[in-house]
1. Multiply the residue separation of A:Ser29 and A:Lys117 by 0.36 nm, subtract the distance between their alpha-carbon atoms, and state the gained length in nm to one decimal.
2. Angle between the Cα long axis of helix C:18-45 and the longest principal axis of chain C, 0 to 90 degrees, nearest 10?
3. Hey, can you rank A:193-199, A:148-154 by average C-beta count inside 10 Å, highest first?
4. Determine which lysines satisfy two conditions relative to A:Lys117: a Cα distance under 19 Å, and not lying fewer than 8 residues away in the same chain.
5. Under the definition of partner shielding as Cβ atoms of other protein chains within 10 Å of a residue Cβ, what is the mean value for peptide C:126-132?
6. Compute the label zone of B:Leu51 within region B:129-153: residues whose backbone N is under 14 Å from the point 7 Å along Cα-to-Cβ.
7. Roughly how tilted is helix B:49-64, in degrees to the nearest 10 and between 0 and 90, from the longest Cα axis of chain B?
8. Determine the percent antiparallel among the DSSP beta bridges restricted to chain A, to the nearest 5.
Amino acid sequence: MNTTSATSILVVENIYKTYGKTEILKGVSFTVNKGETKVIIGPSGAGKSTLLKCINQLIIPDRGRIFLNGEEVLHSHSHINRFRQKIGMVFQNFYLFDHITALENVEIALLKVKKMKRPEAREKALKELARVGMKDKAHLYPAELSGGQAQRVSIARALAMDPEVMLFDEPTSALDPELTGEVLEVMRNLAQGGVTMVVVTHEMGFASSVADEVMFMEEGKILESGPPSQIFFHPQEERTKKFLSRISELYGELNRNG
Amino acid sequence: MDSLLFIYQELLPELGKGLIVTLKLILFSIPFGLLTGILVAIGRVYGNHFLSSLSKLYVIFFKGCPLLLLLFIIYFGLPSLGITFSPFGASVLGFVLCNGAYTSEYIRGAIQSVKTGQMIAAQALGMTKWQAVFYIILPQAFRRALPGVGNEIIYLIKYSSLAYMLTCIELTGAGKIIAARTFRFTETFTVVGIIYLLMVFVATKILQWAEKKFSYPT
Amino acid sequence: MEGLSAVLESLPYIISGIPVTLGLVALSLLVGFALGVPMGVAMVYGNRVVIKIIQVFVFVLRGLPNLVLLFLFYFGIFPLLGWNLSPFTIGAITLGLRSAAYQTEIFRGAILSLGEGQMLAALSVGMSKNQAIWNIILPQALRLALPGWSNEYPILLTDSSVTYAIGVAEILTRGGQMVTRTYQPMPIYLTCALMFIFLNWGGMQIIQWGEKKAYIPGLGRKRETQ
Ligand SMILES: Nc1ncnc2c1ncn2[C@@H]1O[C@H](COP(=O)(O)OP(=O)(O)O)[C@@H](O)[C@H]1O
Ligand SMILES: [Mg+2]
């Protein structure tokens, strides 16, 4: 594993976030290198979604710094918009734009944000849809897609911007169990193809086979991190052990598809 | 200073008299409007073909006819058929007919949203259709219709000002008379407007309270 | 059949009030739309001061009787400002402002029913807030607002007759004039009523046709589940 700063794409430094009186993030730091996949696990309410939103400034953190390719993210509007283009985000509930087709969903930011010409944007959008196996459903509206298909389109929408990093917030949690496979498959291919990813997920099979590092997050802090083999089979912290045994009750033992 | 004196010494006492008429108009119209609304809704949903069509026609006519025009029909038109009203009476009748039409639509929607199982369950207990309607369906429907019915009461407060067009001197009319006499239109109608806003505010609070009180877990 | 002949005599004159009535309705809808959309957007995405100001505007314009607002403008504020506007213009402004208050609520509700995800997703692909509102939020919100918007038409149509009070030559005013001439109130007013009911029905047909045109799978189904 390469940890020199020369190849680190995303650096998250000491992020704090408070809502009202409750501190949600209490100093989170980590680094993601080019081509790496980092998986974040942790109980509901730990602050995982908040952390991902802080990374691309959908929520402005109270304190801490974020660097993308060595450049610090500043809080000015124009800067944030430019910066967000370089970070792809995939939401638990897809959040596809409901009034336009799958193809247009992938296309719209290319046209409006990247100011591409229409034929060029269309070609790019179709290429990204093909990448997630959704080219033949390009003309359908979001409501006409299954959850798994919608999530794959939303991945294509994020990929189309050629982001430096992709953030996934529990991309399979809202799906029927039989539909998670197709989405995980797409993500696995992306990871193998060298896409840099930060993934919040409870899919332990995916995590153990794809992740370079697993981070266990609880109560706004990263409690423990390391390679999957260590976190899953030799966790140091009592809390991590507890969490893992609860998860395996819910999702089945590891190894099953790992 | 001069304005304040005018408002306190001249305007408010006169408007007070008008306000009482406005309140009477509203308070007379609410119960009869509600009753009309319930009857029309029941006729529409549970009546035979004739009653149902009649209720439908009622709604189309009284929702489609502007209230001011309805007031003219009652006050100026009906006397030619030998039916005469005082300005106050004609206004109340117009408000009731109009309010009943709108209210009936909310109640009808609410009746239809009560699950059909409720009717079947009630009849299974040995209730007749009409017993089921009155004891089981309507109490549920009424609670569901309350926000819409309440909205119509707010409308009633505002539209009561149209009674002035039949020379029924209520709040707006009282304001118009003073304004025309003193040429203080802006001050007068601002104060008149504030009084309406207060009425609407109080009514909204009462309705919110009622909605909470009558709500049941669903 | 004095009634019938009075109606026949009056008909051409009253019918020429239809464009005036419809003109009032169309202008008011337009004014209401032009103000209501930005105010609805500002109610969701604006800062606290802007929201407070719009809330007061909405409360006042929804709470005032049309007649009082009309008198306030016609006899009070516009003469005070020294503006010499026609009764028709003042009628359209009054009804339009009132409609703006209602339309603000309609559009605010439509935007809120979209949920925050649409804005988050738009920002996450690099759109600015304005681009997101323009390209993602409004196209959906406007469609979701259609049912509420179509309620505005019959309300404005019937409300437009209040401009009788300041002498705008719409259907009711013309009807009233013919009544004083023919002394046949019942037949003439009933004719006016039928005209309003017909305009109501005709307008609703057009609106329903438009709603079908704007239909997109899945959009609008949302409304029912929320
Ligand atoms: N907008 C908000 N306002 C107040 N509290 C919030 C808000 N968003 C999230 N929270 C709280 O922050 C905590 C962490 O939420 P989240 O980041 O969604 O956790 P996770 O994704 O790990 O389940 C939760 O307790 C949640 O209730
Ligand atoms: Mg979460």
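1. Value of the extension gain: 27.7 nm.
2. Roughly 20 degrees, rounded to the nearest 10.
3. Ranked from most to least packed, the peptides come out as A:148-154, A:193-199.
4. Correct list for A:Lys117: A:Lys127.
5. Across C:126-132, the average partner-chain Cβ count within 10 Å equals 6.
6. B:129-134
7. Value to nearest ten degrees: 20.
8. 55
No lab work stands behind these numbers, since they all come straight from the coordinates. In this text, all values refer to a predicted model and were calculated from it rather than measured experimentally. Every residue, glycine as well, gets a Cβ built from its backbone with ideal geometry; the counts of neighbours run over all protein chains shown.
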